[in-house]
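So the structure is just underneath, and the comments pick up after that.
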Amino acid sequence: MDKHLLRIPCNAMPFVCEAAYSINRGVMYHADRTAPFHVAIYLLRGSMEIIEDGISYRLKPDQLFFLKSGVHCWGEKPFEQGAAWFYAHFYCAEPAAHMEELPRGIYYETKVCLDRNADEKYIVLPKQTDCSQTGRIRKEFERLLDAHVHGNIPQASVHLWQIFLICARNVQEDTAENAYVRQIQEYIRGHYS
């Protein structure tokens, strides 16, 4: 599964090639394909099943999901009647072999000056993100679609990059919180008497 996570280089912008809003009004399954582009799906309502390389994912409202280019995906169960979602198809370069993952807690907008190799990093996007606690991803998707509809592909791509950053931060915050909770639980187990 780890091989199907998207790794996005910090020194390259994604290129949004298609974006839209869709709604299921009949019987619809996810397309059986191996796409040459990555896909971001933000489910607004209903549910859908997507299988990627034999692994089944069930999407629920307020979840963001990424499919990796070059990986076979399909659906075997129909989308829920009335399901609605935003999606974006995009291209993004793979990180160079020498690149490392961006360290946790470091974000470029907090730095005033970058050294020459500071952008030789990448972020890892989670396969599925719960967005119910924040409307930020939905707002960025709405802005992405508006820019795309008006032919402003660079602006649409900037909004997609913002979505990437929100997802990466959510993973880092969840990981940090979970580590802290685990430390507390271990202490209590060791000292409860």
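The values are calculated or read from the model by the stated rules, or taken from the named source; none is laboratory data. All values derive from a computational prediction rather than experimental measurement. Cβ coordinates were reconstructed from backbone atoms using ideal geometry, including for glycine residues, and neighbour counts include every protein chain displayed. Areas reflect the complete protein model, heavy atoms only, side chains present, ligands, DNA and RNA absent. Shrake-Rupley method; radii C 1.70, N 1.55, O 1.52, S 1.80 Å.
Key figures for this structure:
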{"quantity": "Qualifying residue in the stretch 21-33 (condition: within 16 Å of the chain's Cα centre (by Cα) and among the hydrophobic types (A, V, I, L, M, F, W, C))", "calculated": "no"}
{"quantity": "Filter result (without any contact (Cβ under 8 Å) to a residue 40 or more places away in the chain and more than 15 Å from the chain's Cα centre (by Cα)) within the stretch 119-141", "calculated": "Q133"}
{"quantity": "Test: V158 is open to solvent by 80 Å² or more (accessible area, probe 1.4 Å) and modelled with pLDDT of 90 or more", "calculated": "no"}
{"quantity": "Only one of Y180, Y187, Y108, Y192 that is at pLDDT below 70, more than 30 Å from V27 (Cα to Cα) and open to solvent by less than 100 Å² (accessible area, probe 1.4 Å)", "calculated": "Y108"}
{"quantity": "Cβ-Cβ under 8 Å pairs, at least 6 apart or on other chains, the stretch 5-29 side under 16 Å from L102 (Cβ atoms) and open to solvent by 30 Å² or more (accessible area, probe 1.4 Å), far side among the hydroxyl-bearing types (S, T, Y) and not in a strand (DSSP E or B)", "calculated": "M13/S157"}
{"quantity": "Enumeration of residues in the stretch 38-60 that are more than 25 Å from E94 (Cβ to Cβ), open to solvent by 50 Å² or more (accessible area, probe 1.4 Å) and either modelled with pLDDT of 95 or more or in a strand (DSSP E or B) (or both)", "calculated": "R45, S56, R58"}
{"quantity": "Scope the stretch 126-147; condition touching a helix residue (DSSP H, G or I) at 6+ places or on another chain (Cβ under 6 Å), open to solvent by less than 40 Å² (accessible area, probe 1.4 Å), of a type outside the set (D, E) and within 19 Å of A84 (Cα to Cα); matching residues", "calculated": "T129, C131, I137, L144"}
